[in-house]
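The block underneath contains the structure these notes are about, expressed in structure tokens.
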Amino acid sequence: MRILFLTDNFPPEVNAPASRTFEHCRAWVRAGHEVTVVTGFPNFPQGRIYDGYRNRLFQREQIEGINVLRVWTYIAANKGTIRRTLDFLSYMVTGAVAASLVRRPDVVVATSPQLFTACAGALASMVHRRPFVFELRDLWPEEIQELGVLRSRLLLAPLERLEMSLYRRASLIVAVTEGFRERLVERGITATKIEVVRNGVDLSHFKPQPRDAVLLRQLGLEDRFIVGYVGTHGQCQALEHVIEAAARCARDPELKQCHFLFVGDGAEKPSLEAMAIRLGLKNVTFLAPVMKHEVARYWSILNVALIHVRSGPLFRRVIPSKLFECFGMGLPVVLAVEGESAQIVTDAGAGLCIAPCDPDAIATAIRRIAADSRLADSMRVGAAQAAPTFAREACAMRMLTLLEHLAAPRPASELKVVEIAGAMDSDKLVDQVANRTR
């Protein structure tokens, strides 16, 4: 089977969409399928092209057997509205063109969070006359409306119409949470066309391991009880409440050894750093994002992993993908996320679930784990035992089964000579353009 996958993010970027897409596609290649990914040049989240790349019109490469076709996009940092929208729209155009020119696939998959990648996938599926699969990672534009990024009905209404048209156009919708599936059914989308394949964890990489002594020494945190947040520092995460919790811990004699470690980047990071300085906090350290193969080192030095999102009906439906990495590492979790995520942690006995945006609750949960080593040990065991349930390989195979079922044989009446000639010509065209831009 030939799978065409459109995504705005892909390794060496390290955010959740990039990791999921790469690990799924790698598993499909290992299962004997041909996978082509159409993506942009790596720049997330800072909006700077990674070393070794240049923002060309087209560039081909291969990563662990995956055919990667990178396309030009307008480069913007992960903050603001206008420039990011231009980034999304530019990928929609160049991604759709590139995806339409590759050898005809058996199925076309496009992933959110934003809708314009799905638009490119839908267009490519129409050109190739093959089924379109919408992988739903976020309820967009509902999310940007709840965050207050966009409130104008004049702008939201057409986005919502576009969203619904994409859901209806898709032959299959693969949602990452049950909450997303339920929301779509509430809005009138046929339940039988929606399947849930949750995020997962690569257990060959994220697994229980000793604390990294070298890293602890480099950070000067050898004798600290470390509470860590690893991931995006954006509006959705509302990490100002975690900074407030750090201030409470700093004043608590029982938590004088507690230190908060933030690893990552995002639009809100400068304001969070400024807030920590303003409060005079000495128990907070901010670190830059690290490469994917380095992330496990940072998880390993934590005593507690903290996962936080803002409150609201929409955010009760999310499951932060970092939760499954914590399970793989066997880490106790303080989870400030309501809904489906909290049920997963409770069922696993892997941590304490609290209400979001409550600094007192965060500090209390940390104090409880720090004071009770038996509780912490039981959480580690619960997390590690739950991890195989969310193994990325199993998630990838479940999605592959859905794609195989969907990819019907080509109609016998189709003019095969046109298909073959078109595929040869389109591949030559992409290669010619790529060569000219080197």
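Every number in this text was worked out from the coordinates using simple rules, so none of it is lab data. Everything quoted here is computed from the prediction, not taken from an experiment. Every residue, glycine as well, gets a Cβ built from its backbone with ideal geometry; the counts of neighbours run over all protein chains shown.
Each of A77, S378, L216 was placed along the dipole of the chain (beta-carbon charges, centred on the mean Cα), and the one lying farthest toward the positive end is A77. Overall, the ratio between the Cα radius of gyration of region 174-267 and 2.2 N^0.38 Å, rounded to two decimals, is 1.58. Peptides 368-379, 1-12 ranked from most to least packed by the mean count of surrounding Cβ atoms within 10 Å: 1-12, 368-379.
Treating r as the C-beta distance of R251 and T85 and R0 as 41 Å, the FRET efficiency rounds to 0.45. Amide H to amide H distances under 5 Å link V284 with F260, where only residues 5 or more positions off or on other chains count and H is placed in the peptide plane. In sequence order, region 251-261 has phi-based couplings of 8, 9, x, 6, 10, 5, 8, 6, 9, 9, 10 Hz under the Karplus curve 6.51 cos²θ - 1.76 cosθ + 1.60, θ = phi - 60°, and Gly or Pro positions carry x.
Among DSSP bridges having both ends in the chain, what percentage is antiparallel? Round to the nearest 5. Spell out each step's value before the answer.
Working: 6 of 51 bridges.
Among the beta bridges of the chain, antiparallel pairing accounts for roughly 10 percent.
Straightening the chain between L215 and S171 buys 11.1 nm, computed as 0.36 nm per residue apart minus the Cα-Cα spacing.
Find how much the distance from Q46 to E61 grows on full extension, using 0.36 nm per residue of separation minus their present alpha carbon separation; answer in nm with one decimal. Don't skip to the answer; put the middle values down first.
On the way: separation 15, 0.36 × 15 = 5.40 nm, distance 2.28 nm.
Taking Q46 through E61 to full extension adds about 3.1 nm, to one decimal.
Rounded to the nearest 10 degrees, the angle from helix 16-30 to the longest Cα principal axis of the chain is 50 degrees. Here region 176-217 is scanned for amide nitrogen atoms under 15 Å from the site 7 Å beyond the Cα of M397 along Cα-to-Cβ, giving 201-204. The count of lysine pairs in the chain whose Cα atoms are under 25 Å apart, excluding pairs fewer than 8 places apart on the same chain, comes to 12.
Summarising the amide proton neighbourhood of R198: residues at separation of 5 or more, or on other chains, whose placed amide H is nearer than 5 Å comprise an empty set. Protection proxy ranking of 127-133, 325-331, by the mean of other Cβ atoms within 10 Å over each peptide's residues and highest first, is 325-331, 127-133. In degrees from 0 to 90, rounded to the nearest 10, what is the angle of the helix 359-371 Cα long axis to the longest principal axis of the chain? The two axes meet at around 70 degrees.
Here the simple spin-label model places points 7 Å from the Cα toward Cβ, and for R278 and H205 these points are separated by 3.6 nm. Among V196, V309, V214, the largest mean-square fluctuation in a Gaussian network model of the chain, built with springs joining Cα atoms closer than 10 Å, belongs to V214.
Each of H405 and T364 was given a label point 7 Å from its Cα along the Cα-to-Cβ line. The distance between the two points is 4.5 nm. Dimensions of the chain along the principal axes, based on C-alpha atoms and rounded to the nearest Å, stand at 77, 47, 45, largest first. Taking only Cα atoms, what is the 0 to 90° angle, nearest 10, from helix 269-278's long axis to the longest principal axis of the chain? For helix 269-278, the angle is close to 10 degrees. Our analysis of region 1-136 gives Rg over Rh at 0.93, with the two radii drawn from alpha carbon positions and Rh computed by the Kirkwood formula.
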